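The values are calculated or read from the model by the stated rules, or taken from the named source; none is laboratory data. No experiment lies behind these values; they were computed from the predicted model shown. Ideal geometry is used to build each Cβ from the backbone, glycine not excepted, and the neighbour counts take in all protein chains shown.
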Amino acid sequence: MIEVGMLPNDFLWGGAIAAHQCEGAYREGGKGLTIADVLTAAGYNRDREIHDDVHEGVYYPSHNAIDFYHRYQEDIALFAEMGFKCLRLSISWARIFPEGDEEQPNEQGLAFYDRLFDCMHEHGIEPVVTLLHNDTPLGLVKKYGGWSNRRVLEFFERYCVAVMTHFKDKVRYWITFNEINNMLKYEFQLLTWVSGGVILPENLENQSAVFQVMHHQFLASARAVILGHAINPNFQMGCMTGFIMNYPATCNPDDTIESNKTYKRLYFCSDVQSRGYYPSYMLAYWRDNDIKVEMEPGDEEILRAGTVDYVAFSYYMSETVSADPEATSSGAAQKILKGIDNPYLERSEWGWTIDPVGLRIALNKLYGRYQKPVFIVECGLGAHDTVDTDGAIHDSYRIDYLRKHISELKKAVYEDGVDLMGFASWGPIDLVSASTGEMSKRYGYIYVDLDDEGKGTGNRYKKDSFYWYKQVIASNGEDLG
Ligand code: BG6
């Protein structure tokens, strides 16, 4: 029970990273290739390309990333110096089952995460582990067509049992999937690839294939929750949604209807994962759009039995939607953000709106809807940083962004009574950007000396935000500087 008016003493301050964006060592320790290992880096006006395999002479950012695989001890020590209580990270499925469909887990992969979790516990850092963060083994895509094939559930279940059993005394907080809802942005091929390991036609007419992938992932998530609770009843199992807040462009009721439609798509995954059944608004949408999803007897029972204990989400931005089809959006984020410009909000260098109050609204909406603890497991500002001649990195813009967001989350807890488990900001150490493959889109409190082609020493340097976040954590959010 949380006391209204204060952040709980066990509030999970920390950061969040994902295997394919930081580990590197893409073929070491028996690891197989993943769908992230065949993604190139984006260039000016060019998206990341999806290759069928690794091609010689091409730069793939995940291959070395920031070499966390070899440098994790140094990085964990730096997180501990900031006072981290938790670190959200993901296990790379292909380190445990290199092709995805083996019978037995790869011992070297398990051993790596044993070392990593031990190191975290030595530093008093609680792992929050995402079972799948956009890096399905490539073998499963080649042999089975990725998540469009129901057989992948069986392999995912085997993987879940292997890791949840092996780490049952080292990990308590689990997140089943990262942002299943990205599948709904199917017009952006990169997103259906990273979410489902599928490539869909750009002008997709019937969306059955999108929802079939999602149905398989909902089942897989529910099975992971059921198995997790059986393996260790103390496990806390969560879902994770990419939450882009939205506002109606005007008080024209039609704009509110448009906004509601956008929210329904936003809530869809957490509705299924948290409530355990398909919402009626989506069944109506399927009916009206001739969408057919193949389900088997027993599926509904699995969804009902596998509801999550908490609702985690990422929060970066908001969008403003209009019923007027002529209304257009400007800015670099057009593929991710819909709708029109919001005159009240600034944008990041990558065109993402900056909306701290939106975080408070998001917390209220999610907690109000589910009445389950909520957890901010990603939030942050991607920005270019400059290293001064004396080696310092003065990232006041990042401090400003985070200060405002943390201030709003406190209001959500203090004034609105939201049960918030923690705040894990995205990329506490600079890592490879998921949307662009760049290193120069930096989120970290810790600077990593690598450029967009992976060149540099890889050495780590503390930014001004490092000292600032340390003081935030030490004061349990009271001292925001
Ligand atoms: C989240 C993803 O949606 O956004 C992360 O879960 C990703 O993997 C983050 O890195 C920020 O996006 P980007 O493109 O700036 O790296």
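Please pick out the residue among Arg95, Arg48 that is among the charged types (D, E, K, R) and either surrounded by fewer than 16 Cβ atoms within 10 Å (Cβ to Cβ) or away from the ligand (no atom under 16 Å from the Cβ) (or both). Walk me through how you get there before you give the answer.
Numbers: Arg48 fails: either surrounded by fewer than 16 Cβ atoms within 10 Å (Cβ to Cβ) or away from the ligand (no atom under 16 Å from the Cβ) (or both).
Going through Arg95, Arg48 in turn, just one is among the charged types (D, E, K, R) and either surrounded by fewer than 16 Cβ atoms within 10 Å (Cβ to Cβ) or away from the ligand (no atom under 16 Å from the Cβ) (or both): Arg95.
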Notebook entry, point to check: Restricting the search to the stretch 347-364, which residues are assigned to a helix (DSSP H, G or I) and either of a type in the set (Val, Ile, Thr) or free of Cβ contacts under 8 Å to residues at least 24 places away in the same chain (or both)?
Noted result: Val357, Ile361
Next item on the list: Please enumerate the residues belonging to the stretch 314-337 that are within 12 Å of the ligand (Cβ to nearest atom) and at pLDDT below 60.
Entry: Ala332, Ala333, Lys335
Note to self: For the stretch 122-140, give me the residue count where each residue is of a type outside the set (D, E, K, R), surrounded by 24 or more Cβ atoms within 10 Å (Cβ to Cβ) and within 16 Å of the ligand (Cβ to nearest atom).
What the structure shows: 6
Next item on the list: Might you check whether a residue that is assigned to a helix (DSSP H, G or I), modelled with pLDDT of 95 or more and in contact with a Cys (Cβ under 7 Å, 6 or more places away or on another chain) occurs anywhere in the stretch 161-172?
Entry: no
Note to self: Just the residues that are within 14 Å of the ligand (Cβ to nearest atom) and farther than 12 Å from Phe375 by Cα, please, taken from the stretch 229-241.
What the structure shows: none
Note to self: Testing Met214 on (1) within 16 Å of the ligand (Cβ to nearest atom); (2) part of a helix (DSSP H, G or I), one condition comes back false. Which one is that?
What the structure shows: (1)
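Report yes if Tyr445 is more than 14 Å from the ligand (Cβ to nearest atom) and buried (at least 22 other Cβ atoms within 10 Å of the Cβ), otherwise no.
Values: more than 14 Å from the ligand (Cβ to nearest atom): yes; buried (at least 22 other Cβ atoms within 10 Å of the Cβ): yes.
Answer is yes for this residue.
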Notebook entry, point to check: Of the residues Ser322, Ser314, which is hydroxyl-bearing (Ser, Thr, Tyr), surrounded by 13 or more Cβ atoms within 10 Å (Cβ to Cβ) and within 25 Å of Thr130 (Cβ to Cβ)?
Noted result: Ser314
Checklist line | Candidates Tyr445, Tyr461 - the one that is touching a helix residue (DSSP H, G or I) at 6+ places or on another chain (Cβ under 9 Å) and hydroxyl-bearing (Ser, Thr, Tyr) | finding: Tyr445
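Hey, among the residues in the stretch 345-381 that are among the small types (Gly, Ala, Ser) and away from the ligand (no atom under 12 Å from the Cβ), which one's nearest to Gly417 (Cα to Cα)? Let's see the steps before the verdict.
First pass over the stretch 345-381, keeping only residues among the small types (Gly, Ala, Ser): 348, 351, 358, 362, 368, 380.
If we keep only those that are away from the ligand (no atom under 12 Å from the Cβ) too, we end up with 358, 362, 368.
Numbers: Gly358: 16, Ala362: 13, Gly368: 10 Å.
This residue is Gly368.
Looking at Asn181, Asn149, can you tell me which residue is polar (S, T, N, Q) and within 16 Å of the ligand (Cβ to nearest atom)? Working first, answer last.
Details: Asn149 fails: within 16 Å of the ligand (Cβ to nearest atom).
Only one candidate passes the filter, namely Asn181.
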Check: Which one is nearest to Asp135 (Cα to Cα) among residues in the stretch 402-426 that are in contact with a helix residue (DSSP H, G or I) (Cβ under 8 Å, 6 or more places away or on another chain) and within 16 Å of the ligand (Cβ to nearest atom)?
Finding: Ser425
Notebook entry, point to check: Between residues in the stretch 47-63 that are acidic (Asp, Glu) and residues that are modelled with pLDDT of 95 or more, which pairs lie under 6 Å by C-beta distance while being six or more apart or on different chains?
Noted result: Glu49/Thr40
Item checked: Counted residues, the stretch 177-190 - those being without any contact (Cβ under 8 Å) to a residue 40 or more places away in the chain and crowded, with 23+ Cβ neighbours inside 10 Å -> 1
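If the requirement is being over 28 Å from Glu187 (Cα atoms) and in a helix (DSSP H, G or I), which of these qualifies: Lys404, Lys372?
Details: Lys372 fails: in a helix (DSSP H, G or I).
Selected residue: Lys404, the only one of Lys404, Lys372 that is over 28 Å from Glu187 (Cα atoms) and in a helix (DSSP H, G or I).
Each row is one residue, and each column tells you yes or no for (1) closer than 21 Å to Asp299 by Cβ; (2) touching a helix residue (DSSP H, G or I) at 6+ places or on another chain (Cβ under 9 Å).
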position: Phe235; (1), (2): no, yes
position: Met245; (1), (2): no, yes
position: Ile257; (1), (2): no, no
position: Leu266; (1), (2): no, yes
position: Gly276; (1), (2): yes, yes
position: Tyr281; (1), (2): yes, yes
Note to self: Cβ-Cβ under 7 Å, sequence separation 6+ or interchain: first residue in the stretch 204-223 and farther than 15 Å from Glu301 by Cβ, partner at pLDDT 95 or above and of a type in the set (Lys, Arg). Which pairs?
What the structure shows: Ser208/Lys292; His216/Arg150
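Give the residues of the stretch 37-71 that are within 13 Å of Ser433 (Cα to Cα) and either at pLDDT below 95 or touching a Lys or Arg at 6+ places or on another chain (Cβ under 8 Å) (or both), sorted by residue number.
If the condition is that a residue be within 13 Å of Ser433 (Cα to Cα) and either at pLDDT below 95 or touching a Lys or Arg at 6+ places or on another chain (Cβ under 8 Å) (or both), then Leu39, Thr40, Ala41, Ala42, Gly43, Asp47, Arg48 are the ones that fit.
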Next item on the list: Could you grab me the full set of residues in the stretch 382-400 that are surrounded by fewer than 21 Cβ atoms within 10 Å (Cβ to Cβ), assigned to a helix (DSSP H, G or I) and within 16 Å of the ligand (Cβ to nearest atom)?
Entry: Tyr397
